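Undergrad: After the structure tokens below, expect a handful of questions from me.
The values are calculated or read from the model by the stated rules, or taken from the named source; none is laboratory data. Given the structure is predicted, the values throughout are model-derived calculations rather than measurements. Cβ placement follows ideal geometry from the backbone for every residue including glycine, while neighbour counts extend to all protein chains displayed.
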Amino acid sequence: MRAVIPFKKCNAKSRLSSLLTEIEREELATAMLKDVAGTLVSSGCFDVVDILSTTMIEIEDVNIVLTEMGLNEALNEYLGKMSLHKINEPVLIIMADIPLVSKKNIKDMVSTNADIVIAPGRMGGTNAIFIRYPPSFHVNYYGASFLKHLEIASGLHTEILDSFNLSTDIDEVSDLAEVLLHGKGRSHEYLKKIGINISANCGRVGVKR
């Protein structure tokens, strides 16, 4: 069984630019990637963990697969190669910006008998997909990708995994509060290191610097 994490470091997380510099955004993106990769490795579920990256990076216990393609093209090429590499080898695709993901979340995704397991993100996105038979599936991210993936999986035994941890992708400044409240890994440590803290204003929790 394999896992793959698509990752783009250059000018990462542009929607955080009102609070973080470009270097800080790239460093936070790398910290989140390390949180996700570390969880995959420590889960013990995978023979191989690959990071599909646009730049060379150093992460322990994983393989770096360089690509210049966009997200959909790179992942679909990867799935195609995996289907040739080993027939019916299951693959988990998981995003690099969900640092709250736990080993239990991973085990829940890969332990069912479903052909496809989808963990939706907020606002119609897709944060993780477990594909038991890669030749039968392709990805189509951006926009309402959750609905797109349900349509692609039509006719296959599909399950939806509703999980707070898996749904919490970090895109907006307000999302950082979730890392500070619930995170325990490198992402949480990095935000504290650069002076990002929880703020409470009129009963709502946010972040401040």
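Undergrad: If I ask for residues that are on the phi > 0 side of the Ramachandran plot and in contact (Cβ under 8 Å) with a residue 24 or more places away in the chain, which ones from the stretch 11-39 would you list?
TA: Of the residues in the stretch 11-39, the ones on the phi > 0 side of the Ramachandran plot are 11, 13.
If the condition is that a residue be on the phi > 0 side of the Ramachandran plot and in contact (Cβ under 8 Å) with a residue 24 or more places away in the chain, then 13 is the only one that fits.
Undergrad: May I ask you to list the residues in the stretch 98-132 that are surrounded by fewer than 23 Cβ atoms within 10 Å (Cβ to Cβ) and either in a loop (DSSP other than H, G, I, E, B) or of a type in the set (S, T, N, Q) (or both)?
TA: 102, 105, 111, 112, 113, 114, 115, 121, 125, 132
Undergrad: Quickly run through the stretch 25-78 and pick out the residues that are touching a helix residue (DSSP H, G or I) at 6+ places or on another chain (Cβ under 7 Å), surrounded by 15 or more Cβ atoms within 10 Å (Cβ to Cβ) and of a type in the set (D, E, K, R).
TA: 25, 27, 34, 35 - these are the residues of the stretch 25-78 that are touching a helix residue (DSSP H, G or I) at 6+ places or on another chain (Cβ under 7 Å), surrounded by 15 or more Cβ atoms within 10 Å (Cβ to Cβ) and of a type in the set (D, E, K, R).
Undergrad: Please determine, by comparing only the residues of the stretch 137-158 that are of a type in the set (S, T, N, Q) and in a loop (DSSP other than H, G, I, E, B), which one is farthest from residue 74 (Cα to Cα).
TA: Here is the first cut: in the stretch 137-158, the ones of a type in the set (S, T, N, Q) are 140, 145, 154, 158.
With the extra rule that they be in a loop (DSSP other than H, G, I, E, B), the set shrinks to 140, 154.
Numbers: 140: 11, 154: 23 Å.
Looking at the filtered set, the residue picked out is 154.
Undergrad: Let me ask something additional. List the residue pairs whose Cβ atoms are under 6 Å apart, where the first residue sits in the stretch 117-136 and is of a type in the set (S, T, N, Q), the second is in a strand (DSSP E or B), and the two are 6 or more positions apart or on different chains.
TA: Listed pairs, sorted by first residue: 127/119.
Undergrad: Also, quick follow-up: Whether any residue in the stretch 115-127 is among the aliphatic types (A, V, I, L, M), within 19 Å of residue 51 (Cβ to Cβ) and at pLDDT 95 or above is what I want to check. Full working, then the answer.
TA: Let us first name the residues in the stretch 115-127 that are among the aliphatic types (A, V, I, L, M), namely 116-119, 123.
Pick out the ones that are also within 19 Å of residue 51 (Cβ to Cβ) and you get 119.
From what's left, at pLDDT 95 or above: 119.
The answer is yes; a qualifying residue exists.
Undergrad: Checking the conditions here, which among 145, 136, 154, 163 is surrounded by fewer than 21 Cβ atoms within 10 Å (Cβ to Cβ) and within 30 Å of residue 205 (Cβ to Cβ)?
TA: On the way: 145 fails: surrounded by fewer than 21 Cβ atoms within 10 Å (Cβ to Cβ); 136 fails: within 30 Å of residue 205 (Cβ to Cβ); 154 fails: within 30 Å of residue 205 (Cβ to Cβ).
Only one candidate passes the filter, namely 163.
Undergrad: List pairs: first residue in the stretch 190-205 and outside any loop (DSSP other than H, G, I, E, B), second residue of a type in the set (D, E, K, R) anywhere in the structure, Cβ distance under 8 angstrom, at least six positions apart or on different chains.
TA: Once the first residue is outside any loop (DSSP other than H, G, I, E, B) and sits in the stretch 190-205, its partners that are of a type in the set (D, E, K, R) give 190/27; 197/208; 197/209; 198/208; 199/208.
Undergrad: To continue, here is another question. I'm checking my understanding of the structure. Among residues of the stretch 152-190 that are among the hydroxyl-bearing types (Ser, Thr, Tyr) and touching a strand residue (DSSP E or B) at 6+ places or on another chain (Cβ under 8 Å), which one is nearest to residue 12 (Cα to Cα)? So that I can check it myself, show each step before the final result.
TA: To start, the set of residues in the stretch 152-190 that are among the hydroxyl-bearing types (Ser, Thr, Tyr) comprises 154, 158, 163, 167-168, 174, 187, 190.
Remaining after also requiring touching a strand residue (DSSP E or B) at 6+ places or on another chain (Cβ under 8 Å): 158, 163, 167, 174.
Values: 158: 32, 163: 25, 167: 19, 174: 17 Å.
It comes out as 174.
Undergrad: Taking into account only those residues within the stretch 177-201 that are of a type in the set (S, T, N, Q) and out of contact with any Asp or Glu (no Cβ under 9 Å at 6 or more places or on another chain), which is modelled with the highest pLDDT?
TA: Initially, the stretch 177-201 is screened for residues of a type in the set (S, T, N, Q), giving 187, 197, 199, 201.
Subsequent filtering for residues that are out of contact with any Asp or Glu (no Cβ under 9 Å at 6 or more places or on another chain) retains 197, 199, 201.
On the way: 197: 95, 199: 91, 201: 77.
My answer is 197.
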